[in-house]
Amino acid sequence: MARSPAALEKPTAVAREVVAQVAREGDAALFALAERFDGVRPARLLLGRDALEEALLRLPLALADALRFAARQIEAFHRPQVPVGYEVSLGSVGSTAGQTPRALDRVGVYVPGGPAGYPSSVLMGVIPAKLAGVREVLVATPPSKVTGLPPDAVLAASSIAGADEVLVAGGAQAIAGMALGTESVRRVDKVVGPGNAYVTAAKLLLADRVGTDGIAGPSEVLVVADASLATEHLAAELLAQAEHDPDAVAIGVVVDDRDLGRVVEAAEARARSFPRSRQILESFARNGWLVKAPSVAYAVDLANLLAPEHVVLGVGQARAYAYAIRNAGCVFLGPSTTAPMGDYSAGTNHVLPTSGSARWRGGLSVRDFVKFVSFLEVREADAGPLAAPASEIARAEGFFAHADALASRVTSQEAVSR
């Protein structure tokens, strides 16, 4: 699933200019870049809780209820992730060492733009941050051309999730504004959330100034299908990812004897009923794959090699293979489980690693918003036994001042005891 480095060359060049402009001009750059890239000047740069709650009141009741349901599911799934510290004993008289979790002070959650916005991405980013104990959560999302503000659904989701502010900015300029700060925007400690190539490029350029959640690029799915997953369901699963983006990748790995041509026919027929049918079919034609595999085990090996964002095990005994998948953002088990359930209402996080980065990280979680601070307390009687080997290693590495500091503690304690 790794993408060509060349795919980020142009976005990186543009993002570098954008970051420099935001660093020089601050708020003025955010307004100017919104006009340049979004075709509209934001009505306001920052929105507080009052504006978010007003948007929630304007939202259709059915959508508000659906967002509240999803929020409860996301909270239930993520709450067990809240970390706890630990402490171990050193020596014999009460010396200890340990780690304690500390939530980040302020984080930014980027939410891409779109005709109706992506309220689900708000929930996926803000709720784990709040569970972690983050004091302030800033959502950044582009303005709509109609109002100069984000869609009500995005603002309402920000209210439900507990966001503190919304920055009306998108793209690389939003990432720069959150990472560097401006006259109006206080900088954050970490930026998370999916985005396009320009957002990814900005994150990479600013990695020395702010924490990030890694690469969140075009969507990917690998569906493993045996006879228990109907052809119509396989087609629907592939199209669901193709709908995301022209560069989305949808791979079907079939381990039974069905005709792959029938899968293509089913996908094409199904896609024609969708509003964005042309985009979906173009994406499927460009980056869609249907392959035969001799067994589910072979397909699992292929999944581990590609490390896709989503793996759907649409097979009869999916649970038996669950722990064999080592490299994936999220694994969906069984023919009744579709990836969009994880996108919206099941509670698992849909901010997942792409472009092969599932080899080294998982999906967004509470742990992304926490750092661990280590501590050490050495009592007098334990100083000598700890200092002797430490001093030996320090001298071997050429750090004689380190060895002297160790010796000074032991010497001073011996003098006191005399």
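The values are calculated or read from the model by the stated rules, or taken from the named source; none is laboratory data. Note that the structure is a prediction, hence the values are computed from the model and not measured. We place every Cβ from the backbone using ideal geometry, glycine too, and count neighbours over all the protein chains shown.
Annotations for the structure displayed:
- Assessment of segment 353-362 against the conditions (touching a helix residue (DSSP H, G or I) at 6+ places or on another chain (Cβ under 8 Å) and either of a type in the set (S, T, N, Q) or modelled with pLDDT of 95 or more (or both)) yields no matching residue.
- Scanning segment 400-414 for residues that are surrounded by 14 or more Cβ atoms within 10 Å (Cβ to Cβ) and under 45 Å from the mean Cα position of the chain (by Cα) yields His402, Ala403, Ala405, Leu406.
- Residue tally, condition out of contact with any Pro (no Cβ under 9 Å at 6 or more places or on another chain) and surrounded by fewer than 16 Cβ atoms within 10 Å (Cβ to Cβ), over segment 338-362: 1
- Hey, Glu183 over 29 Å from Lys145 (Cα atoms), of a type in the set (D, E, K, R) and touching a residue at least 40 places away in the same chain (Cβ under 8 Å) or not: no
- Where strands (runs of 3 or more DSSP E) sit wholly within segment 82-126, those with at least 1 residues that are in contact (Cβ under 8 Å) with a residue 40 or more places away in the chain, in the same structural domain as Val191 (by TED's automatic domain parsing) and of a type in the set (Ser, Thr, Tyr) occupy 95-103, 106-110.
- For segment 366-394, a residue qualifies if it is out of contact with any strand residue (DSSP E or B) (no Cβ under 8 Å at 6 or more places or on another chain), under 30 Å from Val107 (Cα atoms) and surrounded by fewer than 18 Cβ atoms within 10 Å (Cβ to Cβ), and exactly one does: Arg367.
- Within segment 273-329, restricting attention to residues that are modelled with pLDDT under 95 and among the polar types (S, T, N, Q), the residue that is surrounded by the most Cβ atoms within 10 Å (Cβ to Cβ) is Ser283.
- Exclusive hit being over 20 Å from Val192 (Cβ atoms) and modelled with pLDDT of 95 or more, set Gly91, Gly98: Gly98
- Within segment 67-97, being over 22 Å from the mean Cα position of the chain (by Cα) and surrounded by 16 or more Cβ atoms within 10 Å (Cβ to Cβ) holds for Leu90, Ser95.
- When each of Asp38, Asp65 is tested for being closer than 16 Å to Ile175 by Cβ and either among the charged types (D, E, K, R) or at pLDDT below 95 (or both), the lone residue that passes is Asp38.
- Residue match in segment 154-174 (condition: polar (S, T, N, Q), more than 22 Å from Ala202 (Cβ to Cβ), exposed (fewer than 15 other Cβ atoms within 10 Å of the Cβ) and at pLDDT 95 or above): no
- Some residue of segment 182-198 being polar (S, T, N, Q) and surrounded by 24 or more Cβ atoms within 10 Å (Cβ to Cβ): no
- Summed over segment 10-57, the residues that are free of Cβ contacts under 8 Å to residues at least 40 places away in the same chain and closer than 12 Å to Pro143 by Cβ give a count of 2.
- Among the residues of segment 334-382, the ones that are charged (D, E, K, R) and part of a loop (DSSP other than H, G, I, E, B) come to 2 in all.
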